[in-house]
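Participant: Below is the structure I would like to discuss, written out as structure tokens.
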Amino acid sequence: MNSKEIPYKIYLEEKDMPKEWYNLRADMKNKPAPLLNPGTKEPLTLNELSAIFCEELAKQELNDTTPYIEIPKEIRDFYKMYRPSPLVRAYCLEKKLDTPAKIYYKFEGNNTSGSHKLNSAIAQAYYAKAQGLKGVTTETGAGQWGTALSMACSYLDLDCIVYMVKCSYEQKPFRREVMRTYGAKVTPSPSMETEVGRKILQMYPDTTGSLGCAISEAVEVSIKKEGYKYVLGSVLNQVLLHQSIIGLEAKVAMDKYGIKPDTIIGCAGGGSNLGGLIAPFMGEKLRGKADYEFIAVEPASCPSFTRGVYAYDFCDTGMVTPLAKMYTLGSGFIPSAIHAGGLRYHGMSSTLSQLYADGYMKAIAVKQTEVFEAAEQFARVEGILPAPESSHAIKVAIDEALRCKETGEEKTIFFGLTGTGYFDMPAYEKFHNGEMVNQILSDEDLAKGISGLPTV
Ligand SMILES: *Cc1c(COP(=O)(O)O)cnc(C)c1O
């Protein structure tokens, strides 16, 4: 088909929307390593997992054999409010770059929470409701996950208790107020409400909190409060499963127009959007049906794939969670305060880690100033003001398109645009004022985090 016939935006019709999620693990020969109980170092059982998570979600977490899992009708109905998300042909960017490459992106920022996280938030809230729970607890850093979860919970009339890292709570009031608009109870962490919070405050009265501490508080409350469970917005297998909706929609839309991407690019924090974006394409690669190049993009200041080690580690700084085998910088590694808050995570999804270890995927680390240059270039021609996290993928897509300009290659590039950057304007301001710096991590900086890994 002539590329002129491809519209700027390809939307699916309601009848073509996926009715099942795709579980990539079913097609992996080397399965991702199981979560371990940190006490016994034995794989977690369904019973143990169900003490923390809703039972259906615990089942999804452990299921690495069923390729397709039905999306309950209530979730599909909720998806219809903001999905399908558009698949956009970046004609304007192609023209600006003067590249023979064709560029596509899938935009997940068209909902009030502003990112892809709503795709899993509604699923997790649904299963909590179906189990008869009163509510869920979680942590949030910059606030994207907490915002998405509060929207999903208010839709289903569930209680939503969010521990928000104190410095974000005070410095970033906007997402906090969106959460409260949707009825969530937002508490700055560390707080006096939990045992772990009181202990930390006694030791460090002036602390402004951390994600690790907020996780510990949210987990404590979920265990002690009758009718509540804990939910997490990335990293876990279940979250990648829910996010497969991104890749599945894209695949249907692309097949309809005979588009075949050569290179698929996504930013990687805990790996959920990337895992969802690539899922059906990676499945074809694993089954030997088609070949694609996959690129994970991470911040140079938090380089789990490119400079981490593949080992068992805690998922949180407080060391209260199960152990996951993943590319990690060590749970004690504290990333610098870069502006892509959603990418400041020490580890990586165990599914993506296994695929990367087996050579199915590449990874590139980029610096934050070059990320904002790419973000601005993109905003000026494509209209969308991208989130700093998403702009990591834009940066590598642009580099790839410019390389094609040199070589004359007419390849098709596809990237995930995970969200909007309206709440990140202080970061853009720093960039515009020339106040943004690039942290260079030394080998010694990294060795410190990695030396604290648990022995398994
Ligand atoms: C949270 C977030 C990310 C990173 O999380 P993943 O689980 O790696 O996808 C990327 N982009 C945006 C906009 C986010 O909010």
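The values are calculated or read from the model by the stated rules, or taken from the named source; none is laboratory data. In this text, all values refer to a predicted model and were calculated from it rather than measured experimentally. With ideal geometry, Cβ positions are generated from the backbone for all residues, glycine too; neighbour counts draw on all protein chains shown.
Participant: Just checking: which of the helices (runs of 4 or more DSSP H) contained wholly in region 372-456 hold 3 or more residues that are modelled with pLDDT of 95 or more, surrounded by 15 or more Cβ atoms within 10 Å (Cβ to Cβ) and not charged (D, E, K, R)?
Facilitator: In region 372-456, 388-407 are the helices (runs of 4 or more DSSP H) which contain 3 or more residues that are modelled with pLDDT of 95 or more, surrounded by 15 or more Cβ atoms within 10 Å (Cβ to Cβ) and not charged (D, E, K, R).
Participant: Within the set of pairs 6 or more residues apart or between chains, which connect a residue that is within 13 Å of the ligand (Cβ to nearest atom) inside region 268-296 to a residue that is modelled with pLDDT under 95 and not in a helix (DSSP H, G or I) with Cβ atoms less than 6 Å apart?
Facilitator: Listed pairs, sorted by first residue: GLY269/TYR345; GLY270/SER234; GLY270/VAL235; GLY270/TYR345; SER272/SER234.
Participant: If I go through region 416-452 residue by residue, how many of them are closer than 13 Å to VAL371 by Cβ and aromatic (Phe, Trp, Tyr)?
Facilitator: 2
Participant: Quick check: anything in region 121-138 within 30 Å of GLU409 (Cα to Cα) and more than 21 Å from the chain's Cα centre (by Cα)?
Facilitator: The answer is no, given that none of the residues of region 121-138 is within 30 Å of GLU409 (Cα to Cα) and more than 21 Å from the chain's Cα centre (by Cα).
Participant: Would you confirm whether any residue within region 321-335 is surrounded by fewer than 18 Cβ atoms within 10 Å (Cβ to Cβ), over 18 Å from the mean Cα position of the chain (by Cα) and among the polar types (S, T, N, Q)?
Facilitator: no
Participant: Additional query: Does PHE281 fit the bill of being under 17 Å from LEU211 (Cβ atoms) and not basic (Lys, Arg)?
Facilitator: no
Participant: Moving to a separate point now. Given the conditions (1) loosely packed, with under 15 Cβ neighbours inside 10 Å; (2) in contact with a strand residue (DSSP E or B) (Cβ under 6 Å, 6 or more places away or on another chain); (3) not small (Gly, Ala, Ser), which single one is not true for LYS362?
Facilitator: All conditions are met except number (1).
Participant: Follow-up question, since we're still on this one. Looking only at residues in region 1-13 that are modelled with pLDDT of 90 or more and not in a loop (DSSP other than H, G, I, E, B), which one is nearest to ALA90 (Cα to Cα)?
Facilitator: Checked region 1-13; the qualifying residue nearest to ALA90 (Cα to Cα) is LYS9.
Participant: Tell me, yes or no, whether region 347-356 has at least one residue that is at pLDDT below 95 and under 30 Å from LYS41 (Cα atoms).
Facilitator: Yes, region 347-356 contains at least one residue that is at pLDDT below 95 and under 30 Å from LYS41 (Cα atoms).
Participant: A further question follows. Within region 322-371, how many residues turn out to be assigned to a helix (DSSP H, G or I) and over 26 Å from TYR422 (Cβ atoms)?
Facilitator: Counting residues in region 322-371 that are assigned to a helix (DSSP H, G or I) and over 26 Å from TYR422 (Cβ atoms) gives 8.
Quick grid of which residues meet (1) buried (at least 18 other Cβ atoms within 10 Å of the Cβ); (2) within 16 Å of the ligand (Cβ to nearest atom); (3) not charged (D, E, K, R):
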site	(1), (2), (3)
THR187	yes, no, yes
MET203	no, no, yes
CYS213	yes, no, yes
VAL231	yes, yes, yes
ILE246	yes, yes, yes
ILE259	yes, no, yes
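Participant: Go through region 132-155 residue by residue and tally those that are touching a Leu at 6+ places or on another chain (Cβ under 9 Å) and not hydrophobic (A, V, I, L, M, F, W, C).
Facilitator: Residues that pass the stated criteria total 7.
Participant: Hey, another quick one. Residue under question is VAL196, and the condition is that it be surrounded by 15 or more Cβ atoms within 10 Å (Cβ to Cβ) and either within 21 Å of the chain's Cα centre (by Cα) or at pLDDT 95 or above (or both); does it hold?
Facilitator: The answer is no for VAL196.
Participant: Could you count how many residues in region 332-348 are more than 13 Å from the ligand (Cβ to nearest atom) and of a type in the set (Val, Ile, Thr)?
Facilitator: Within region 332-348, residues that are more than 13 Å from the ligand (Cβ to nearest atom) and of a type in the set (Val, Ile, Thr) number 1.
Participant: Among the numbered conditions (1) surrounded by 24 or more Cβ atoms within 10 Å (Cβ to Cβ); (2) farther than 30 Å from GLU74 by Cβ; (3) not polar (S, T, N, Q), tell me where GLY143 comes up short.
Facilitator: Condition not satisfied by GLY143: (2).
Participant: Does THR99 fit the bill of being closer than 20 Å to GLY342 by Cα, modelled with pLDDT of 95 or more and of a type in the set (Val, Ile, Thr)?
Facilitator: So THR99 fails the test.
Participant: Select from region 317-331 the residues that are away from the ligand (no atom under 15 Å from the Cβ) and of a type outside the set (Val, Ile, Thr) and write down the one among them that is nearest to GLY212 (Cα to Cα).
Facilitator: The qualifying residue nearest to GLY212 (Cα to Cα) is GLY318.
Participant: Scan region 146-159 for residues that are out of contact with any strand residue (DSSP E or B) (no Cβ under 6 Å at 6 or more places or on another chain) and buried (at least 20 other Cβ atoms within 10 Å of the Cβ) and jot them down.
Facilitator: Within region 146-159, THR147, ALA148, MET151, ALA152 qualify.
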